[in-house]
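Worksheet: the structure to be examined is printed underneath.
The values are calculated or read from the model by the stated rules, or taken from the named source; none is laboratory data. Being a predicted model, the structure only gives us computed values, none of them experimental. Backbone-built Cβ (ideal geometry, glycine too); neighbour counts: all protein chains shown. Accessible surface is based on the protein model in full, side chains and every heavy atom, while ligands, DNA and RNA are left aside. Shrake-Rupley method; radii C 1.70, N 1.55, O 1.52, S 1.80 Å.
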Amino acid sequence: MESVVNRQILFEHFAGKSSPLQKQSIEEWLKKPKNQELFYLWLLEWETQHPQYNPSVEKRLQDFRQIMEQTDQDVLTLVGDETEPRSNIWLKVSRIAAACLIISLGSWYFKDHFQYQIYETTFGQVDKIQLADGTMVTLNANSTLKVPRFGFGTKNREVELSGEAVFSVTHTPDNQKFIVKTKRNFDVVVLGTEFSVFSRDRGAKVILNKGKVRLEYQENQVKKEITMRPGELVKLDISNHVQKDTAKTFDPIIAWQQNRLIFEDTNLFEFTQIMEENYGVKIKLQNDSLAKRTLVGSYKAQNAEELLNTVVELLDLKLSKTGNTFVLSEK
């Protein structure tokens, strides 16, 4: 028999008044994804009606500014009637400022995590995620995917990616768009397809395997768009200048899960960037001529050092280490 959970029961639960039986019913009820969104909506409503605290951040900042603008005597008056050493006064002022900062950052952090389900991977980690609409996402190392807790799949399907991921998007009966947003002023607009998105500081790229996608981006403050077809690769540099090419392969998921990296005429400078992005390993090239040497092929390794040693042997280089940084040089 399905658990009966309504708004009143959840409000009592949020207030800490639910019985053990009610708690068990809520746990069973939350196992269904469709109920989770309703849970967070009612939680938001309850917290709005029953605030645990009122930080009044703007008021605290205003008080702090007034203290800073006043004379030492005014500060003494604000702190207390008794005269205190100046060091104690400024200690209290510092505490006020720190409290304001902590409250501001805390409010931002919890608001972000409340509004979004956030998936993150560490260096060397690959994770598979199934979204509420059935879309499968494979998140590569050192990447973050933000999915709205409320409204996802009702009016639109919009996620935010930082890093690299492969999407296998589920088609909906009403042809609802699936949008991958990035912080680099480019979005991928999809209608049921399979594609890979890479978005990091050094640039971005999209590889389309199946279906059809439209890239909406901004270059030199001008909004542009480009439609991709299966087998195409589009690269965007740091200025969002577009370069279209033919993708030589589309097996990033298989490569990631097998601890492999695929290089297609990848120069050593780009190799150092890839190693830092995927493994957190810093590599320095001894001279500029090394940066022009290229790697081609698929390389498998259980960890960063194993892959690095393979490349060193292949290109007949010398490997050393200074602190936390590896150094590549000519023999």
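Listing for the model above:
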quantity: Search result, residues across the stretch 31-60 that are part of a helix (DSSP H, G or I), modelled with pLDDT under 65 and open to solvent by 90 Å² or more (accessible area, probe 1.4 Å); calculated: Glu58, Lys59
quantity: Those residues of the stretch 195-231 which are within 21 Å of the chain's Cα centre (by Cα), in contact (Cβ under 8 Å) with a residue 40 or more places away in the chain and surrounded by 15 or more Cβ atoms within 10 Å (Cβ to Cβ), in sequence order; calculated: Ser196, Arg200, Ile207
quantity: Of residues in the stretch 246-293 being without any contact (Cβ under 8 Å) to a residue 40 or more places away in the chain, aliphatic (A, V, I, L, M) and within 23 Å of Arg229 (Cα to Cα), the one surrounded by the fewest Cβ atoms within 10 Å (Cβ to Cβ); calculated: Ile254
quantity: Lone qualifier among Glu12, Glu2 - being acidic (Asp, Glu), over 17 Å from Pro148 (Cα atoms), modelled with pLDDT under 80 and surrounded by fewer than 15 Cβ atoms within 10 Å (Cβ to Cβ); calculated: Glu2
quantity: Residues of the stretch 173-206 that turn out to be part of a strand (DSSP E or B) and within 22 Å of Phe269 (Cα to Cα), as a count; calculated: 8
quantity: Among residues of the stretch 127-157, those that are modelled with pLDDT of 90 or more, assigned to a loop (DSSP other than H, G, I, E, B) and open to solvent by 50 Å² or more (accessible area, probe 1.4 Å), counted; calculated: 1
quantity: Answer from Val190, Val222 - the residue that is of a type in the set (Val, Ile, Thr) and either in contact with a Leu (Cβ under 8 Å, 6 or more places away or on another chain) or under 30 Å from Thr172 (Cα atoms) (or both); calculated: Val190
